[in-house]
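The values are calculated or read from the model by the stated rules, or taken from the named source; none is laboratory data. These numbers come from a predicted model, not from an experiment. Neighbour counts run over all protein chains shown; Cβ positions are idealised from the backbone, glycine included. Ligands, DNA and RNA are stripped out before the accessible areas are found, and what is left, the full protein with its side chains, is counted by its heavy atoms. Shrake-Rupley method; radii C 1.70, N 1.55, O 1.52, S 1.80 Å.
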Amino acid sequence: MNRDDNTPLRSNGRIRYGPDMRVLIVGGGIAGLTLCGLLQQRGFHPTLVERAPEFGDVGYVIVVWPSGSRILKGLGLYERLQEQGCAFTSYNISNYRGKVINSYTIDSVVEKYGPIISIYRPDLVNILRAAVSKDSIRMNTMVVSLADTDDGVETVFSDGSAGIYDLVIGCDGIRSKIRKDVFGEVPLRYSGMSGWGFWVNPDLCSHEGIIEYWGKGRFLGMWPTRGRLAVFTSVRRKSGVGDSVDTRIESIRRNFAEFGGVVPEILRGLDDPRDIYYDEYNDLRMDRWSRGRVVLVGDSVHAILPNAGAGVSMAMESAAVLAEELCRTDSVNLPHAFWQYESRRKSRVNKVQKQSRIMGKFIYTESSALSSIRDYVVRAYSSRQLFRYWDNMLKDPL
Ligand SMILES: Cc1cc2nc3c(=O)[nH]c(=O)nc-3n(C[C@H](O)[C@H](O)[C@H](O)COP(=O)(O)OP(=O)(O)OC[C@H]3O[C@@H](n4cnc5c(N)ncnc54)[C@H](O)[C@@H]3O)c2cc1C
């Protein structure tokens, strides 16, 4: 895999156009399922391999921006998203004591672009599966090796089977194996923040809005969706500090001991540390998004910090753009199609990544003086200004 420019690929003679191309999608998360559904809608016959033995019920609450909802509209799935998700009505920021600093209405955003919808991640996965034919998905399967030949990418799978594909699309998430196989080790960019996610009693949240507590270098967010309430707590810490199941609950309680409002009740309710998810917050930037016949989509190429709540929508947007470009190409001109895809997406992705980093630094301010200034700025920041911020995030063409 050492072709690194946009010149046409070598071919053994047979050129396949658009939907006739043999497509392998690796990873059945949000990007992979969206792309598979969109390609099938356009007459392609992709194969999707997913590492997990079944789709299961792993994950908390994710947010779908109106830019992501548009993709679901195109797949005929938007009504299901509305039925199973929960449209936010407000965004509320409290100081660490639980005193509300500002409560934003998001009516203007909703009026212009449509609702911002939270949903239980496994529910979104199930919705997307409805757009994908069952026989195109192979669960419990990974790619063992890829070899670029004039006839395509010779691929060997973990179940011992093999196949040849005109292109391979890595949708296998932030720790992508396809990226590593093709580009080598690409370092993730640590944000300086790590956190825990868990479910709490939904009665702790009285309204359908996001509630966030901003402390000094500490953050606690409550994200409701239908009948569920997820809490994400995060702190500033060095990379590699890690987290042990044995001390997990103690660690969360210690870090948020000074917090007021409903936080003491949340901390008291922590029960089984195995039900709590921990991760470091990383994002990822890559100079090139493809090499030869292999291209990356979603977190595998442009992971975004979770505080933006944008990862899902950006993955779906990228899947939609790649699906369009694949309709207009053939098996030898793939590098140019990949370049078109990358060019159409990169500035938007960079903008959202940059914003999420700036927001992260702002939220996780550590010193007392700076966090007082931060709280003052939040108090003065109006719903109209928040609308302008969202408008800037949502107005870009795909
Ligand atoms: C189980 C799970 C739960 C999550 N829960 C949340 C959440 O609660 N909140 C939130 O904000 N974000 C969550 N995320 C991340 C969020 O889904 C992504 O940031 C975003 O949707 C981008 O989608 P993606 O398809 O690029 O990556 P992902 O959604 O991460 O999907 C990657 C897919 O690839 C599969 N995979 C990985 N390696 C291989 C391999 N070698 N071979 C084949 N398949 C492979 C994974 O099993 C997964 O299905 C979760 C991701 C996963 C995988």
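List of remarks:
- Protein accessible area in the stretch 14-78, 1.4 Å probe - carbon and sulfur %: 50
- Using a probe of 1.4 angstrom and keeping all protein chains present, the accessible surface of the chain works out to 44 square angstrom per residue.
- Student exercise, the stretch 218-297 dipole from Lys, Arg, Asp, Glu Cβ charges, in Debye to nearest 20: 440
- With both residues required to sit in the chain, DSSP beta bridges show an antiparallel share near 75%.
- In Å², nearest 10: area of Ser103 left accessible to a 1.4 Å probe: 70
- Remark: the chain carries a charge dipole of roughly 1140 debye about the Cα centre, counting +1 on each Lys and Arg Cβ and -1 on each Asp and Glu Cβ.
- Sorting Glu325, Glu366 by accessible area puts them as Glu366, Glu325; the probe is 1.4 Å, largest comes first, and only protein heavy atoms count.
- Computed with a 1.4 Å probe over protein heavy atoms only, the accessible area of Lys180 comes to about 110 Å².
- Using alpha-carbon coordinates, inclination of helix 383-394 to the longest axis of the chain, degrees: 10
- Separation of the stretch 42-68 and the stretch 184-240, taken as the distance between their Cα centroids, equals 22 angstrom.
- Size of charge dipole - the stretch 288-386 - debye, nearest 20, with Cβ of Lys, Arg +1 and Asp, Glu -1, no other charges: 300
- Amide H contacts of Thr329: Gly18, each under 5 Å away and 5 or more positions distant or on a separate chain (H built 1.01 Å from N in the peptide plane; Pro and chain starts excluded).
- Between helix 334-363 and the chain: long-axis angle, C-alpha atoms, 0 to 90°, nearest 10: 10
- Note on surface exposure: Tyr165, Tyr341 rank Tyr165, Tyr341 by accessible area, highest first, 1.4 Å probe.
- Straight-distance crosslink candidates among lysines, where the alpha carbon sits under 30 Å from Lys112 and sequence neighbours closer than 8 are dropped: Lys73, Lys346, Lys351, Lys354, Lys361, Lys395
- With a 1.4 Å probe rolled over the protein heavy atoms of all chains, the accessible area of Asp283, Asp123 falls in the order Asp123, Asp283, largest first.
- Probe 1.4 Å - accessible area at Met139, Å² to nearest ten: 50
- For the stretch 70-160, the residue among Thr141, Leu81, Phe157 whose Cα projects farthest onto the positive side of the dipole built from Cβ charges is Leu81.
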